[in-house]
Structure formats: C-alpha cells, structure tokens
1. Could you order peptides A:13-23, A:153-163, B:80-90 by the average number of other Cβ atoms within 10 Å of their residues, highest first?
2. Using the heavy atoms of the protein chains and a 1.4 angstrom probe, tell me the accessible area per residue for chain A in square angstrom.
3. What FRET efficiency, computed as 1/(1 + (r/R0)^6) with R0 = 22 Å and r the Cβ-Cβ distance, is obtained for B:Glu425 and A:Ala183, rounded to the nearest 0.05?
4. Could you work out the equivalent-ellipsoid semi-axes for the range B:168-227, taking the square root of 5 times each eigenvalue of the Cα gyration tensor, largest first, in whole Å?
5. Provide the FRET efficiency to the nearest 0.05 for the B:Val218-A:Arg99 pair, computing r from the beta carbons and using R0 = 51 Å.
6. Can you give the average number of partner chain beta-carbon atoms within 10 Å of each beta-carbon in peptide A:28-34, as a whole number?
7. Cα axis of helix A:119-130 to longest principal axis of chain A: angle in degrees, 0 to 90, nearest 10?
8. Buried accessible area between A and B (1.4 Å probe, both chains summed, ligands and nucleic acids excluded), in Å² to the nearest 100?
Amino acid sequence: MKREVPLFLTAVIGVFMILSFFVPHQVVSVPGQFLQLTAVIVVSCGYVLGGANVLRVNLDAIAKQQPGWIYKLVLVLSLLATVAIGAIEGSGFLDPGRRSRWIYDTLYSPMSATMFALLAFFIASAAFRAFRVRTVEAWWLAAAALIVMIGRVPIGDALTGFLPPALHLSSIQEWIMNVPQNAAKRAILMGAALGVMATGLRVILGIERSYLSGED
Amino acid sequence: MRLLASEAASRQDDGTTPGRLRGVPRSRITEVPLRPNVPATRGWGLVALLLLLGSAAGRLPAAHAARADSAAAAADTIAAPAPASGLVVTDVPNDAGRALTLQWKPSPDDVKGGTRVVGYALERSETPAGPWTVVDSANAGITQIDDSSPDRGRDYFYRVTAVGPGSSTPALSITGPVRATSQWMNTTRGSVLVSIAVFFAFVLYFMASAQSGKKPFVRRIPGVDAIEEAIGRATELGRPVLYVPGILDIDEIQTVAALVILESVAKLTAKYETPIRVPVTYPIPFAIAEEMVRSGYLAAGRPDAYDPDSVRFVSPEQFAYVASVTGTMMREKPGAHIFMGAFYAESLFLAEVGFETGAIQVAGTANVHQIPFFVVACDYTLIGEELFAAGAYLSGEPRLVGSLKGGDAMKIAIVAAILIGCLLETLGMHGFKAWMATQ
C-alpha cells in the first residue's frame, strides 16, 4: 500500500492534467487549476523540512566548531532574523518602509547583483577556452562564432562593403543564426520534448517509480 | 461548438443588412431599439481622458466614469462623433467560458488623422434597459477586443459607444443576449492529441516488446558512461562526488529526470565507498533526493554508509545557491561534479568554478541556451533528450530502455511529417499546416 496508493494518485492526476490540456470545459479546468493551487500548499509545507535541514546541518557544524563555523553562525542568525521579521510584519511585508523590504533592498538585492555581475568574467574565460582550436569541428565552431560576432557590429559590413549584399558579414551571420543554428536548436528541442513526454508517461504508468523511495 | 453567442440587432444602425447570427438561434435574439444619438458629456469624461492619455499605449483598461468633470466640460464644445455600428459578440472558442469577442464597425468619423473620435467604450448590462457598465475601452482605429470578465453561462447585452474629445455617442442598437460558454474540446489541439496518441502507442509497443524478451538496441551515450568514470576518479583521489540536480522545483520534468539519475549515481558512490554531496534548491526535490540517495545505498547493500547530511537543502534563490555550491567546490574540492537538470545563468558559474578546481565534470540539460556553456566547461555533456534517456539507460530495466525506442520511432514520424508538410506546402495545399497549428 505504501507504493500502490502514491502510484495510483500519480496515474490519476497525471492523466487528468493531460486531459485538462485538451478539454477547456470547467468540469476539467476548474479541478485542474485547484490541483495546481494545492501544489503551493504542499510546497510551503516542504519548506519546513528544508528549514529544519539547514538548521540541523549548520547548528551541528557550529557546535563542533568546524572550519568556517562563524559563517554558519551568520547564516543561521540571518535566517532566523529574516523569518522572524517577516512573520511579525505579516502580509505586505515587502511594502516600502518595512524592515523586510529594507533587508531585500540593502542586503539581498546587492548581493544577488554582485554574483550576477561575476558572470561577465566567467563568460570571458569560457569563451577563451571555446576558441582554442584543436580539431576540425572546433575550427568550424570558431569560424561561425567569429562571423556572427563581427557580423553583428558595424565594422562587419564596413569590412565587406565592397562585396555583393548577400556576402556581407551581416547577411552571412543572419543566415547562420536563422538556418543551421535554428535547425540544430529545434532538433534538440524536439528531442527534449519527446524525452519529457516519455519520462512523463513512464511516471504515469508507474514504470518509473524510483522517486517514490527505495523501500517496497 | 465555436460560436454560441452572437450579434443580436436585426436592425443595424448603419442601415445595412444585419450580419449572419453565427450559431445563435433567432429566438434568442433580442432587438432593443435605443434612443437616437444622445451626446453624453459628464459621464464619459474620464473615458475620453483615459483614451487621450493612453493613445500611445494601445488598449486601455476599463474606465469608470466618475471624476473628470472638469476635463469633460472643457471639451464639451466639440461635436459628438457619429456612432459606431454593427457590434457582433461571439463566444471565444476553445475556452472555459471565460471570454467574449466584441467586434464592431468603426464610427464614420473614425478616420486616419481625424480628431472627432478618441476611442470606443464597450458597455455591458444584464438587461436591455441597463444599467450599463463600461467593461473595456479601445483607442480609435481598433474594432475588436475580448471581454474577459463575464460570468460563464450568464446572459449579457453589449453596446459600443464612440467617444470623442468632448462627448460620446452610443450605438443605435444593442447586442444580446449573449453568453460565454465552455467547450468540451479544444479543437486547435487536435494535432497534438493525435501526435501524443501515436507517441504513446510507440512507447507502449516497444516497452511490451522489451518485456517479452526482445532486447532493444540503444546506442551508447558517452556522457552517461562517463558518470562511472568520474565517480571512479573521485574515488582514486579520495574526494567526494558533487551532484547538482538543477535549480528548479519538482514540477520541472528535468528535475525528475535528474533525481532518477541520482539514484544510480548514489548506488555507484556507495559501491565505491565515496561520499556524495547533493545540494538542493527546493524542499520537495530535497525530500525526494534524500530518498533517492538512501535507496541507492540500500540497493548497493550499504545502508549503514548512508550519511544523512549528504543531501542538503540550500536555497531556492539562484545566486544564493550558486554561492553555496561554489563554496563547497572550493572548500571540499570534490573529485567529480555532476550537473543534471534544468539550469539557467548559474550553469556557467558552476561549470567554470568546477573547472578551476580540476574536477572531472559531467553535465546534462535540456535548456538549449545553457548547453554551449556546459560543452565548453565540462568534460562530457548530455544534450537534450540524453538527459531523459540517462535514467533508463543507467537502470538497464528492459521496459525503461524500450521506452527509448519509442522516442526514436516518434522521431522518424516527425521527420516524415516535416517532409510531407514541405511537399504539401510546395504544392499549394495548406490544410496540413493549418491542422498542425495550435493555440
């Protein structure tokens, strides 16, 4: 029963959600929307588990004074303070002037932006490695990338202005993006979509059941 | 099924023959004569003002006439526009009875460059006599909008009013009763239904075939084979394995696929007695990941080696998660990094930092825009569908492997459909393409 009931529920709800894609009638769409909304409740309950795990792991490290325990202390205090302030302020906790809003604007947002800004440096280092040409395929990749990059800035057409319009770098880069690039991208998307459907079918039919736990 | 409500006015105010009442029995039509062109002044002031202010922004929200008396009074001297006409109200097809489409003929004064018509106000009432409520408005030149606010199955009457700078003119007739109704089948998704039915038939056939003992051939997937190599390398180095199951919640099927792979990875780490670290973004995947790792250790016959701290809930916030995982990479220096699931901007963060640590890296995602980053920074990459195939491939379970063959058969069907579509379009036959189009 520990497995049969979840498998049965998965199958019924899975088929129902597929049905709701094709049947707009309220008999199907209203319960479908309700099921999606209830997922929010399930997820919110899950956060209790997540929060408990964060506290358990980090408090244990603090108690044992493992390396970097002071940072874990900061983490735990920040977590508790944020949760407490949010709970005290209740709904509208992100309204201007609230303490939660201050935490968001002055702590969370700048830290998040700082992390995102680092991406520029990682792109540079990754691009450097991508253009190290060692094989024939890498040559093709580097050549296509060079054409696309130069063709997208004015100097591209300035360099090839004396050629017929079809041979301008801007035209060639457009063709690369619209034809081979798009074809490859769509092929990947189609394959992924089939993979998604196959995985979904396996889950609905109960063939893929390992996510339910290892105990029978 | 398409049209369950329509225009009601049998006498049209522009003197033309009324349009065909699409799908509505004549008995349901109510013709309601209206008072002739009645310039309204104060009540429409706010509508006019909003239409003037919002002319650059396309459609405006529904306006409520109330407080713009002064603006209206200033514009009173301009003559009222001629009325709009021919309002046709139809049920929006293939929905749950949530919307009606309103289409009308513009006022004769609604000409390009003209100033007498600012826009139109669409009013609704539950009785022909009113009271009327403005439900939406549109700028001059626009002759169709959807009203998404009606209650399903309730009769309504509509009228369109041409709004000028100083006054407004309701149409000479109203349309109704009309009602929004829900449909049992979204007819624009017929092609999807057929495609899914064919695909499921393929999958079920090949699964049954595999179950009967006919072993299906599946090509080797180097990225999946590399997972064991990576775990072996980590074991040799005496370092843990880091497994990242994407950054999305369990409603993302890539996360499900990543968690399925996690069980096989955990089984291998248990077999090689190598610690595993699984940082997770959302609580539900966290709970499932714990189960997967535990079941992997159970399957390997080493439940005692399972470390409850191996799976850690981090944060659903993207860059907080990145900070935590990259910190783990730098502090613990895992020997292998396995990234499976849905990734966005953090893909390059994780892969580049991982590259700097010298770990062997295997990645897999169906997010097309992140694949190049993984290809550049990782040793092996599972592209698109390989991510979904990996779980079945690693399990070796005949029915799961058989389902992969169903996917291959469907690809052949898709290629055939593309070729047939190209051929028919070349021959000027557009029915197949139209059937394939979905909403």
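1. Working: A:13-23: 15.6, A:153-163: 12.6, B:80-90: 24.5.
So the peptides A:13-23, A:153-163, B:80-90, ranked by packing, come out B:80-90, A:13-23, A:153-163.
2. On the way: 13860 Å² over 216 residues.
Value for chain A: 64 Å² per residue.
3. 0.80
4. Output for the range B:168-227: semi-axes of 55, 18, 8 Å.
5. About 0.35, to the nearest 0.05.
6. For peptide A:28-34, the averaged partner shielding equals 2.
7. It works out to around 50 degrees.
8. Using a 1.4 Å probe, the pair buries roughly 5500 Å².
The values are calculated or read from the model by the stated rules, or taken from the named source; none is laboratory data. On a predicted model such as this, the values are computed, not experimentally measured, just so you know. Backbone-built Cβ (ideal geometry, glycine too); neighbour counts: all protein chains shown. Surface areas here come from the heavy atoms of the whole protein model, side chains and all, with no ligands, DNA or RNA. Shrake-Rupley method; radii C 1.70, N 1.55, O 1.52, S 1.80 Å.
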